[in-house]
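Each remark here refers to the structure printed beneath this line.
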């Protein structure tokens with residue numbers, strides 16, 4: 001499994017990656033299956049072994065697609081490792097496949113045993129969310145520019 005391609009686990013040693021794999025559970029998914037919904041309490045993080053998962057957000061009770069993850073090693077559900085431990089998006093399988101699911105409690109236990117792993121994972125989470133914040137800021141600038149132009153024409 002390409003766990004090292006998951007942004008959460010970049011920079012971990014082969015031994016650390018193997019330990020993470022050993023605490024995970026392979027889970028079969030079917031097309032159309034909801035894995036979790038935006039706002040639900042987080043339980044685990046997921047890594048794609050095979051298949052595809054669509055990430056969605058809800059606006060005025062309408063599910064809007066954000067992206068589709070389909071590469072082995074793509075991961076999602078990192079909110080499970082960050083307080084307040086609620087999913088920030090919804091996840092739905094778009095094709096049959098297999099995920100590696102790792103429970104938050106098991107990751108936390110591993111982090112207490114291996115502080116280096118914890119520091120690397122937390123730094124990766126911070127880097128990921130900072131990138132998302134930058135992307136969101138750029139999108140807002142585009143929207144504000146459009147609104148500003150329409151107000152002055």
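The values are calculated or read from the model by the stated rules, or taken from the named source; none is laboratory data. Computed from a predicted model, the values in this text were never measured in an experiment. Cβ placement follows ideal geometry from the backbone for every residue including glycine, while neighbour counts extend to all protein chains displayed.
Among the numbered criteria (1) in contact (Cβ under 8 Å) with a residue 12 or more places away in the chain; (2) under 17 Å from residue 10 (Cβ atoms); (3) in a helix (DSSP H, G or I), which one does residue 130 miss?
(1)
Please work out if residue 94 is within 26 Å of residue 34 (Cα to Cα), in contact with a strand residue (DSSP E or B) (Cβ under 6 Å, 6 or more places away or on another chain) and either surrounded by 10 or more Cβ atoms within 10 Å (Cβ to Cβ) or modelled with pLDDT of 95 or more (or both).
For residue 94, the condition - within 26 Å of residue 34 (Cα to Cα), in contact with a strand residue (DSSP E or B) (Cβ under 6 Å, 6 or more places away or on another chain) and either surrounded by 10 or more Cβ atoms within 10 Å (Cβ to Cβ) or modelled with pLDDT of 95 or more (or both) - is met.
With respect to the numbered conditions (1) more than 13 Å from residue 104 (Cα to Cα); (2) loosely packed, with under 12 Cβ neighbours inside 10 Å; (3) touching a strand residue (DSSP E or B) at 6+ places or on another chain (Cβ under 9 Å), which one is the sole condition not fulfilled by residue 62?
(3)
Looking at 51, 39 in this structure, which one is surrounded by 15 or more Cβ atoms within 10 Å (Cβ to Cβ), farther than 20 Å from residue 106 by Cβ and touching a residue at least 40 places away in the same chain (Cβ under 8 Å)?
None of the others qualify; the one that does is 51.
Does region 1-34 hold any residues that are closer than 25 Å to residue 94 by Cβ and without any contact (Cβ under 8 Å) to a residue 60 or more places away in the chain, and which are they?
Scanning region 1-34 gives a single hit, 34.
Count, please, the residues in region 59-114 that happen to be touching a residue at least 12 places away in the same chain (Cβ under 8 Å) and part of a strand (DSSP E or B).
Qualifying residue count, region 59-114: 22.
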